[in-house]
Amino acid sequence: GNYRTQLWDKQSESFLPSTPGLGMHVEVKDPEGKVVLSRQYGSEGRFTFTSHTPGEHQICLHSNSTRMALFAGGKLRVHLDIQVGEHTNNYPEIAAKDKLTELQLRARQLLDQVEQIQKEQNYQRVR
């Protein structure tokens, strides 16, 4: 997931980019309530986790500062973009790191897609 926060500005009566001091705590729980991820991030960031249990997961984002939220009139906007499956892989970065040819990279992408399809089928069976 990618996220960024904005604080309410009373003077301009609009949301402005957050100050670097604002942080977010991200917590992810699996369907059984077990914590999969619990970590502190900045006002803008990216978090990743791997699910080992099929089902609905909870993603909770908490501001680390009540003082800043009160300063902003108690309003905080969070933009959240969640990516699932093989779409989360940064293939140009993988190619550079592993020194893959274009053909090897395409084979890796296809294998990841097959794996994602298998996971989706298993999820549908359990559901």
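The values are calculated or read from the model by the stated rules, or taken from the named source; none is laboratory data. Please read these numbers as outputs of a predicted model, since none were measured by experiment. Because the Cβ atoms are built from the backbone with ideal geometry, glycine has one as well, and the counts that use them run over all protein chains shown. Quick note on the areas: whole protein, heavy atoms, side chains included, nothing else; ligands and nucleic acids left out. Shrake-Rupley method; radii C 1.70, N 1.55, O 1.52, S 1.80 Å.
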Discussion item. How charged is the neighbourhood of H57? Take every other residue with its Cβ under 12 Å from the Cβ of H57, and add Lys/Arg as +1 and Asp/Glu as -1.
Written reply: -2
Worksheet, complete the sentence: With segment 2-81 reduced to its Cα atoms and the Debye formula applied, log10 I(q)/I(0) at q = 0.11, 0.24 1/Å amounts to -0.33, -1.07
Discussion item. To test your reading of the geometry: what angle, between 0 and 90 degrees and rounded to tens, separates the Cα axis of helix 102-126 from the longest principal axis of the chain?
Written reply: 80
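Run lengths n ≥ 4 of DSSP H only: what is the helix-derived mean residue ellipticity at 222 nm for the chain, with -39500 (n - 2.57) per run over all residues, to the nearest 500?
Estimated from H runs of four or more residues: -9500 deg cm²/dmol.
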Fill in: Surface accessible to a 1.4 Å probe, per residue, for the residues of the chain, Å²
73
